[in-house]
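Student: Okay, here's the structure, questions in a sec.
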Amino acid sequence: MQVTLKIFRYNPEKDSAPHYETYTLEAEPTDRVLDLLEKVKSYHDGTLAFRRSCAHGVCGSDAMRINGVNRLACKVLVKDLGTTNITIEPLLGLKVVKDLIVDMEPFFENYRKVLPYFINDEPPPPDGRERLQTPEERERFDDTTKCILCGVCTTSCPTFWADGQYFGPAAIVNAHRFIFDSRDRGAQQRLEILAQDSGVFRCRTAFSCTEACPREIQITKAIAEVKRAILTGRLD
Amino acid sequence: MTMQRHQYDVVIVGAGGAGLMAALYATKKGAKTAVLSKLYPTRSHTGAAQGGIGAALGNLEEDHPEWHTFDTVKGSDYLGDQDAIEFMCYQAPAIVYELEHMGLPFSRTPDGRIAQRPFGGHTNNRTGKPVRRACYAADRTGHMILQTLYQQSIKHNVTFFNEFQVLDLILVNGKVAGVVAIDIATGTIHVFHTKAVVFATGGWGRLWEITSNAYTLTGDGAAILFRRGLPLEDMEFYQFHPTGIYKLGILITEGVRGEGGVLINDKGERFMERYAPTVKDLASRDVVSRAIYIEIKEGRGINGQRYVYLDVRPETVNKYAAIDGRTRPDGSPYVVTAEELLQKLPDIIDFSRTYLGIDPMAEPIPVQPTAHYAMGGIPTNIKAEVLADEKGTVVPGLYAAGETACVSVHGANRLGTNSLLDIVVFGKQAGIHAAEYALGTDFEPLPKDAADFAISQLETLRNSKGSERIADIANEMKRVMMDHVGVFRTEEGLTEALNTIRELKERYKHIHLDDRGKIFNTELLSAWELGNLLDLAEVTTVSALARTESRGAHWREDYPKRDDKNWLKHTLAWKRENGEIELRYKPVVITKYPPKERVY
Amino acid sequence: MSGPSTAFKGYIKYRGYGHVAFLLHRLTGLGTLLFLLIHIIDTSFVYFWPEGYMHAIALYRSTPFMIGEIFLVFSVIYHGVNGLRIIYFDMFRPDLWERETGKRSVIWTLIISIVLWLPAALIMVRNILVHH
Amino acid sequence: MGAQRQPRVVQPPRTFEGTAWKWMRYSGILLIPLAWIHVLIKDVLVGVHQIDLTYVQRTWAFTLWRIYDFLLLAFALSHGMNGLRQVLMDYIHSPSGRSRLNWILFIIWLIVLLMGAVAILGGVKGAEAF
Ligand SMILES: Cc1cc2nc3c(=O)[nH]c(=O)nc-3n(C[C@H](O)[C@H](O)[C@H](O)COP(=O)(O)OP(=O)(O)OC[C@H]3O[C@@H](n4cnc5c(N)ncnc54)[C@H](O)[C@@H]3O)c2cc1C
Ligand code: HEM
Ligand code: SF4
Ligand code: F3S
Ligand code: FES
């Protein structure tokens, strides 16, 4: 089958403003959009720039806007798009560096603000073995351990588009992962940070994050749980 | 070209599991440390690892580091160095607990301990039956390790230079003086003046057409050192994982077979019974990959095609578990439900749905062997110090760890779960020893022309006037490697491959780039990476051609027997000034386990 | 780069169920607020400036304003139904913020709002026809 | 395992945004009857053509309606103005800008609230004349 790719192009070394470029190519219905981009880069225009690595949705490199929705290019097959006209644009809310590549640094900066690491200064068990955790306690935060920091959610969030100071869903997801880990002791600190002006209460439950997350993390639910933890102080 | 300089005690190249572990330890030891990675750390391919990390914790049944050691030696087809293997397997429990103390969210047993599952080649040494040794976090173990180590790096304020691709190593008087890197976002060249360097750049699965490896696994570290006159060890040993998704190569973890999945041919037979009567589908990877190839070759691929089925439907699992007499730890018969499998293997089920449109709970998954793991690489000792020759001479200040290194703990064939173990154990060693070395020595003066070689490499590519496209050369290389330097090898095929690779290296000199810019010139860097791959393809083939025996992952149809008399030794390959590859050999360290025939 | 212009670009170009609900909730909320402000002021004229109040009422009786009023009623209904959805999920059933239930609830909210609005709209349309 | 388990409670941090968030929800619930009944009666059942000074005066003759209208005024205005504040926070990012915004909205809120309140209390001017 033939597909038409309309790709956002911007090279700061050459272009004064972004523009769109259209490419027509042969594709299989089972091709990933990433395969199409590789094809364009290999045989049509080597200057096209995009990030990619694992090619199967686990590294989080190739988040971009495909037909108006944030996705990983390696996790969308042509047949799933339901059209042969494919528009590909960079993520919204982050500075475009070149073509489909955006500057992810502000995203990671927000992530680092929520203390996204295990905090527990108590000594581990004297036998040197693992801290115990029941399967139920482990299950409590399982969903949010899946995050690959792809940025799909945060850049689909209308609050973040408008205000880059908002920590964004990805940061909250990673805070959630620790807040609800029965072994962790940093919940108080994290919740205090998240209760501030740029924290969870900026979430307008726009839900785009949940709809788009390639790891199918129930983000809005996680955010609601964090809000509730802040308001009630209960972490169950 | 604009250039910037930096000075650090220790520079770590690569931010996968090995690099991050090294970075954490070097930073904790007080060395001023920088991590350079061409990817954001969390994009590293460690995150793709699924099944588990091996450690004889004995949380579910009796197990001992000694058994782990023996299994690894046997799995390596006796080519692994037994002192190193013993070291790694005895370190394993402590390091897994250490990861847990860093917050790694392992799956749990009902009594709250780290959950473990069986994996290929890991056995109870008394009964020969599979043992539960792989510590796991669902089928996302590598993801959790990578995330946890990155989180700890943030906690300990590790310095990162993200999207910095290292292009060259600077040695002065045989000692480390620095590395040269390009800031991908700006195209600026940076020279890092340093006392110690740890290479942790991962594997090079992109040499093959069907691979489980990321686009970015192009063997940069190994190729850089090779070009700098250092040897590469055991390059002929490259592992093909038996179960990659048909045509795509995406990995389906051995954990699927650990949970009871079986391989089925076109006649509906569980063919592994014939190849490995005791452990069957959980035989080690080389054995299973070859079995699949033989089935395909003998016309028993599904519909005569080049794949077989991996069947993990609950009814199939339960049927064969009953036949095998498999039990739960409490002695009850092993019976699974779709929910349980869904919980233990969520990502596998997701991959099958996304890429194949099938539900593995209702249909079997079409699989074929996929290029997966480099057993060989930069020769190191247990302290992760890089070795310059067969006598064990150390290159002062140079360290390597992870998949790019060859300690050698995997010998001719790696057991599943041993790589994640390898990267944390030896990543830690590299971090500690690099920091200790750096804190006790002075900087070598950095030569003025330090960056010249790297710059000239890039400029040659950028300004090349040819018409060859990178993709054409790469595809041809991948095809010939798949056909002739894959699971089965012959002198004829290897020779043909070598000729083709050398032709491709000629063609590579006449490539054409569309992008001559500086900012995010990923085309330029892909071209540079292709150069690395071609170099590695050549050493791999030359090493394979010389080894006239079959051992582990290196299977020569024309020499189908293991030949301990002539070949119980490691290959070391050098690139000489004139471009020729020179091979030399060094003995295998054998301590407790004399070579025996390997049956599963 | 984040900022108002990026945000407006996103509002227009981004596709998603929850996104539509968010936009409608915001628009209807702001619309209602605008009307409310005007309405409080004009109602206060009954005390401060009764003649002004009659002017205002006359204005409200013109057709364009009466059509606007139909939309106002929709706004109050939609904003209320959607507000209830948000409140219910947030405070009582965070688990309903899951992908499928979340999407479905957006559609149901719209359906319920329209069902509640239609009879009111019919009556109001009739009012317009009767008076003009 | 007992000693291991974290007391799964923390001191709930109290912030303005948290309170505002709760406020939007509580006032929202109250506004359902308040706003809907008001709109139903005034815009749908009665209609602007029936509404004039006399109508207003008749309804406000009942104290209950005055209380009702006052509650509606207070809740709707506070809910709406806080909603507007939240919306504008999206577009105004600097702390100084935000504090200026808060003051401006607060003043508008106060003035409008007072105007409405005075009217409800005072009723139709010169009503005694009727
Ligand atoms: C799909 C899959 C599943 C696996 N499952 C398992 C399993 O279940 N158990 C197990 O034990 N093993 C498993 N393995 C193997 C194991 O995951 C890898 O061998 C291991 O993660 C390699 O780690 P590493 O740190 O050496 O390299 P990687 O994680 O690959 O990291 C390489 C790093 O080097 C950087 N880098 C590379 N080149 C350059 C350069 N030129 N300049 C700067 N930086 C550079 C990259 O940015 C990256 O950060 C699996 C492998 C794959 C592919
Ligand atoms: C009918 C009952 C009402 C309910 C149940 C309700 C509910 C809500 C809720 C829950 C929110 C918060 C949304 C969030 O935090 O994401 C909200 C926001 C808002 N409401 Fe209401 N509301 C009602 C009536 C009104 C009225 C009458 C007005 C106008 C004065 C109004 C104006 C607003 C505004 C402007 C916002 C902010 C919108 C945004 O943030 O995008 N609401 N409403
Ligand atoms: S929560 Fe989902 S969408 Fe957001 S960064 Fe993580 S994986 Fe990506
Ligand atoms: S898209 Fe944004 S507003 Fe909340 S529900 Fe998701 S974070
Ligand atoms: S390339 Fe890794 S997520 Fe798409």
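The numbers here are math on the coordinates, done by the rules we state, and not lab data. Keep in mind that what you see is a predicted model, and the values were worked out from it rather than measured. Neighbour counts run over all protein chains shown; Cβ positions are idealised from the backbone, glycine included.
Student: Based only on Cα atoms, what mean projected area does the convex hull of the stretch B:197-260 have, in nm²?
Tutor: Numbers: hull surface 23.1 nm².
Dividing the Cα hull surface by four gives the mean projection, 5.8 nm².
Student: Further question on the same structure: Using only Cα atoms, locate the centre of the stretch B:30-96 and the centre of the stretch B:395-471, then give the distance between them in Å, rounded to an integer.
Tutor: Cα centres, the stretch B:30-96 to the stretch B:395-471: 19 Å.
Student: Using a 7 Å offset from the Cα along the Cα-to-Cβ direction at both B:Asp111 and A:Glu216, what is the distance between the two label points in nm, to one decimal?
Tutor: Label at B:Asp111, label at A:Glu216, 3.4 nm between them.
Student: Another question, if that's okay. Given H placed 1.01 Å from N in the peptide plane, which residues other than close sequence neighbours of B:Thr370 have an amide H under 5 Å from its amide H?
Tutor: HN-HN under 5 Å from B:Thr370: B:His241, B:Thr243, B:Gly244.
Student: Less than 12 Å from a label point 7 Å out along the Cα-to-Cβ axis of C:Phe48: which backbone N atoms in the stretch D:96-118 qualify, by residue?
Tutor: Those under the cut-off are D:111-118.
Student: Could you give the spread of the C-alpha atoms of the stretch B:190-341 along their three principal axes, from largest to smallest, in whole angstroms?
Tutor: On the principal axes, the stretch B:190-341 reaches 61, 41, 26 Å in Cα extent.
Student: In terms of modelled amide H atoms, which long-range or inter-chain residues lie less than 5 Å from the amide H of B:Arg133?
Tutor: Amide H neighbours of B:Arg133: B:Arg117, B:Phe119.
Student: Toward the positive end of the charge dipole of the protein assembly as shown, about the Cα centre and with charges on Cβ (Lys, Arg +1; Asp, Glu -1), which of B:Gly255, D:Met24, D:Pro12 goes farthest?
Tutor: D:Met24
Student: Here is a follow-up. Among DSSP beta bridges lying fully in the protein assembly as shown, give the percent that are antiparallel, nearest 5. Each step should come with its number before you reach the end.
Tutor: Numbers: 68 of 99 bridges.
Taking every DSSP beta bridge within the protein assembly as shown, about 70 percent pair in antiparallel fashion.
Student: Follow-up. Could you give the nm distance between label points at A:Tyr43 and B:Glu496, where each point is 7 Å from its Cα heading toward the beta carbon?
Tutor: Label-label distance for A:Tyr43 and B:Glu496, simple model: 2.5 nm.
Student: OK, next. Go ahead and collect, in residue order, the members of the stretch B:223-250 whose backbone nitrogen is under 20 Å from a label point 7 Å along the Cα-Cβ direction of B:Arg274.
Tutor: B:242-243
Student: Can you compute the FRET efficiency between B:Arg328 and C:Arg93 using 1/(1 + (r/R0)^6), with r the Cβ-Cβ distance and R0 = 30 Å? Round to the nearest 0.05.
Tutor: Values: r = 36 Å, r/R0 = 1.20.
The computed FRET efficiency comes out at 0.25.
Student: Now, a different point. If I fit a long axis through the Cα atoms of helix B:314-324 and take the longest principal axis of the Cα atoms of chain B, what angle between them do I get, 0 to 90°, rounded to 10?
Tutor: 70
Student: Ok, one more. On average, how many beta carbons from a partner chain sit within 10 Å of the beta carbon of a residue in D:40-50? Don't skip to the answer; put the middle values down first.
Tutor: Numbers: counts 5, 0, 2, 11, 10, 3, 1, 11, 12, 8, 1.
What the average comes to for D:40-50 is 6.
Student: Turning to a different aspect of this structure: Based on Cα coordinates alone, diagonalise the gyration tensor for chain C, multiply each eigenvalue by 5, take square roots, and list the semi-axes in whole Å, largest first. Write down the numbers at each step before the final one.
Tutor: Numbers: eigenvalues 223, 72, 45 Å².
In descending order the semi-axes read 33, 19, 15 Å.
Student: Separate question: Taking 20 Å as the cut-off for C-alpha to C-alpha distance, list the pairs among A:Lys41/B:Lys518; A:Lys6/B:Lys478; B:Lys569/B:Lys592; A:Lys39/B:Lys465; A:Lys14/C:Lys9 that go past it. Working shown, then result.
Tutor: On the way: A:Lys41/B:Lys518 17 Å; A:Lys6/B:Lys478 30 Å; B:Lys569/B:Lys592 17 Å; A:Lys39/B:Lys465 22 Å; A:Lys14/C:Lys9 24 Å.
The answer is A:Lys6/B:Lys478; A:Lys39/B:Lys465; A:Lys14/C:Lys9.
Student: Quote the charge dipole size of the stretch A:2-102 about the Cα centre in Debye, to the nearest 20; the model charges only the Cβ of Lys and Arg (+1) and of Asp and Glu (-1).
Tutor: On the way: 14 positive and 13 negative charges, 61 e Å.
Roughly 300 debye for the stretch A:2-102.
Student: On to the next question. Can you check how the C-alpha radius of gyration of chain A compares to 2.2 N^0.38 Å, as a plain ratio? Don't skip to the end; give the middle numbers.
Tutor: Working: Rg = 20.1 Å, N = 236, 2.2 N^0.38 = 17.5 Å.
Normalised Rg, Cα atoms only: 1.14.
Student: How large are Rg and Dmax for the stretch A:105-232 when only the alpha carbon atoms are used, in Å?
Tutor: Looking at the stretch A:105-232, its Cα Rg and Dmax stand at 14.7, 51 Å.
Student: Using a simple charge model, +1 on the beta-carbon of Lys and Arg, -1 on the beta-carbon of Asp and Glu, nothing else, what dipole does the stretch B:252-369 show about its Cα centre, in debye to the nearest 20? Can you show the working numbers first?
Tutor: Numbers: 16 positive and 19 negative charges, 80 e Å.
Value, rounded to 20: 380 debye.
Student: Roughly what angle does helix C:63-91 make with the longest principal axis of chain C, taking Cα atoms, 0 to 90 degrees, to the nearest 10?
Tutor: Around 30 degrees separate the two axes.
Student: Output wanted: per-residue J couplings in Hz (rounded whole) for the stretch B:272-285, from phi through Karplus 6.51 cos²θ - 1.76 cosθ + 1.60, θ = phi - 60°, x for Gly and Pro.
Tutor: Coupling constants for the stretch B:272-285: 4, 4, 7, 8, 9, x, 7, 9, 6, 5, 9, 5, 6, 4 Hz.
Student: Would you grab the residues whose amide H sits under 5 Å from the one on B:Asp139? Only those 5+ places off in sequence or on another chain, please, with H modelled 1.01 Å from N.
Tutor: Amide H to amide H, under 5 Å and 5 or more residues apart or across chains, B:Asp139 pairs with B:Asp347.
Student: Once you have the alpha carbon radius of gyration of the stretch B:1-61, what is it after dividing by 2.2 N^0.38 Å, with N set to its residue count? Before the final figure, lay out each step's value.
Tutor: Working: Rg = 16.0 Å, N = 61, 2.2 N^0.38 = 10.5 Å.
That ratio works out to 1.53.
Student: Compute the FRET efficiency between D:Tyr26 and A:Asp127 as 1/(1 + (r/R0)^6), taking r as their Cβ-Cβ distance and R0 = 60 Å, and round to the nearest 0.05. Write out the running numbers ahead of the final one.
Tutor: Details: r = 51 Å, r/R0 = 0.85.
So, using R0 = 60 Å, E works out to roughly 0.75.
Student: Now for a separate question. Please compute, over every Cα-Cα pair in the stretch B:452-562, the percentage with a separation greater than 21 angstrom. Numbers along the way, then the final one.
Tutor: Details: 2597 of 6105 pairs.
Here the tail beyond 21 Å accounts for 43 percent of pairs.
Student: Right, here's the next one. Any idea what the relative contact order of chain B is, in percent, if you count C-alpha pairs under 8 Å spaced at least 6 apart? Walk me through the intermediate numbers first.
Tutor: Details: 1450 pairs, mean separation 131.0, N = 600.
Once divided by the residue count of chain B, the mean separation gives 22 percent.
Student: Compute the acute angle (0 to 90°) between the alpha-carbon long axis of helix B:452-462 and the principal axis of greatest extent of the alpha-carbon atoms of chain B; round to the nearest 10°.
Tutor: Its long axis makes an angle of about 70 degrees.
Student: Grab the alpha carbons of the protein assembly as shown, take their convex hull, and tell me the volume per residue in Å³. The partial results should precede the final answer.
Tutor: Details: hull volume 203.1 nm³, N = 1098.
Each residue corresponds to 185 Å³ of Cα convex hull volume.
Student: May I pose another question? Among DSSP beta bridges lying fully in chain B, give the percent that are antiparallel, nearest 5. Don't skip to the end; give the middle numbers.
Tutor: Working: 50 of 77 bridges.
Of the beta bridges lying entirely in chain B, close to 65 percent run antiparallel.
Student: If you don't mind, there's one more thing I want to ask. Mind jotting down the distance between the C-alpha centroids of the stretch C:63-132 and the stretch B:109-175, whole Å?
Tutor: Answer, in whole Å: 52.
Student: Give me the Kirkwood hydrodynamic radius of chain B in Å, from all C-alpha pairs, to one decimal place? Don't skip to the end; give the middle numbers.
Tutor: Working: mean 1/r = 0.0416 Å⁻¹.
24.1 Å is the Kirkwood radius here.
Student: Right, something else. How much length, in nm to one decimal, is gained on full extension between B:Arg576 and B:Val589, taken as 0.36 nm per residue of separation minus their Cα-Cα distance? Before the final figure, lay out each step's value.
Tutor: Working: separation 13, 0.36 × 13 = 4.68 nm, distance 2.70 nm.
Full-extension gain reported as 2.0 nm.
Student: Right, another one. Work out from phi, with θ = phi - 60° and the Karplus expression 6.51 cos²θ - 1.76 cosθ + 1.60, the ³J(HN,Hα) of each residue of the stretch B:415-426, listed in order in whole Hz, and give x for Gly and Pro.
Tutor: Those phi angles translate into 7, x, 6, 7, 7, 4, 5, 3, 5, 7, 5, 7 Hz.
Student: Given the convex hull over the Cα atoms of the stretch B:414-475, what projected area results after averaging over all orientations, in nm²? Intermediate values should be presented prior to the final figure.
Tutor: Working: hull surface 33.9 nm².
Mean projected area of the Cα convex hull: 8.5 nm².
Student: Also: I need the calculated FRET efficiency for the pair B:Ala362 and D:Arg58, taking r as the beta carbon distance and R₀ as 56 Å, to the nearest 0.05. Mind showing how you got there, number by number?
Tutor: Values: r = 70 Å, r/R0 = 1.25.
Working from the Cβ atoms, E equals 0.20.
Student: Out of the trypsin sites (Lys or Arg not before Pro) in the stretch A:2-90, which ones are loop residues according to DSSP with at most 15 other C-beta atoms within 10 Å?
Tutor: Numbers: sites: A:Lys6, A:Arg9, A:Lys14, A:Arg32, A:Lys39, A:Lys41, A:Arg51, A:Arg52, A:Arg65, A:Arg71, A:Lys75, A:Lys79; in loops: A:Lys14, A:Arg51, A:Arg52.
Taking the stretch A:2-90 and a limit of 15 other Cβ atoms within 10 Å, the loop trypsin sites (Lys or Arg not before Pro) found are A:Lys14.
Student: Oh, and also: Once label points are set 7 Å from the Cα along Cα→Cβ at both B:Tyr90 and B:His156, what is their separation, rounded to one decimal in nm?
Tutor: 2.4
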